[in-house]
Amino acid sequence: MSVMDKLKQMLKGHEHQAGQGVDKGGDYVDERTQGKYSGQVDSGQERLRRQMGSEQTRPTDTGREDPPR
């Protein structure tokens, strides 16, 4: 069993929280690099979400937070 399969199994039922973690991690990298690699970070975030099975995609930057659930 691959590492990604193990992660998917552990995150089952918590896809939204995992997506939020991916967003926070990407935001941290963008902050530390002053946005220099934001395109690469965004594509990496999307790829991670797809691999984890998270249907959540980050909304475009509208200045609003994610809607409450």
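How about region 6-27: which of its residues are among the acidic types (Asp, Glu) and either farther than 16 Å from Arg47 by Cβ or not in a helix (DSSP H, G or I) (or both)?
To start, the set of residues in region 6-27 that are among the acidic types (Asp, Glu) comprises 15, 23, 27.
If the condition is that a residue be among the acidic types (Asp, Glu) and either farther than 16 Å from Arg47 by Cβ or not in a helix (DSSP H, G or I) (or both), then Asp27 is the only one that fits.
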- [ ] For region 8-36, enumerate the residues that are surrounded by 14 or more Cβ atoms within 10 Å (Cβ to Cβ) and of a type in the set (A, V, I, L, M, F, W, C).
- [x] Leu11, Ala18, Val22, Val29
Open item on the list: in a helix (DSSP H, G or I), at pLDDT 85 or above and in contact with a Gly (Cβ under 9 Å, 6 or more places away or on another chain): which single residue out of Asp30, Asp42 fits that description?
Closed with: Asp42
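Taking the stated definitions as given, is Asp66 modelled with pLDDT under 90, charged (D, E, K, R), part of a loop (DSSP other than H, G, I, E, B) and surrounded by 12 or more Cβ atoms within 10 Å (Cβ to Cβ)?
For Asp66, the condition - modelled with pLDDT under 90, charged (D, E, K, R), part of a loop (DSSP other than H, G, I, E, B) and surrounded by 12 or more Cβ atoms within 10 Å (Cβ to Cβ) - is met.
The values are calculated or read from the model by the stated rules, or taken from the named source; none is laboratory data. No experiment lies behind these values; they were computed from the predicted model shown. Virtual Cβ from ideal backbone geometry, glycine too; neighbours counted across all protein chains shown.
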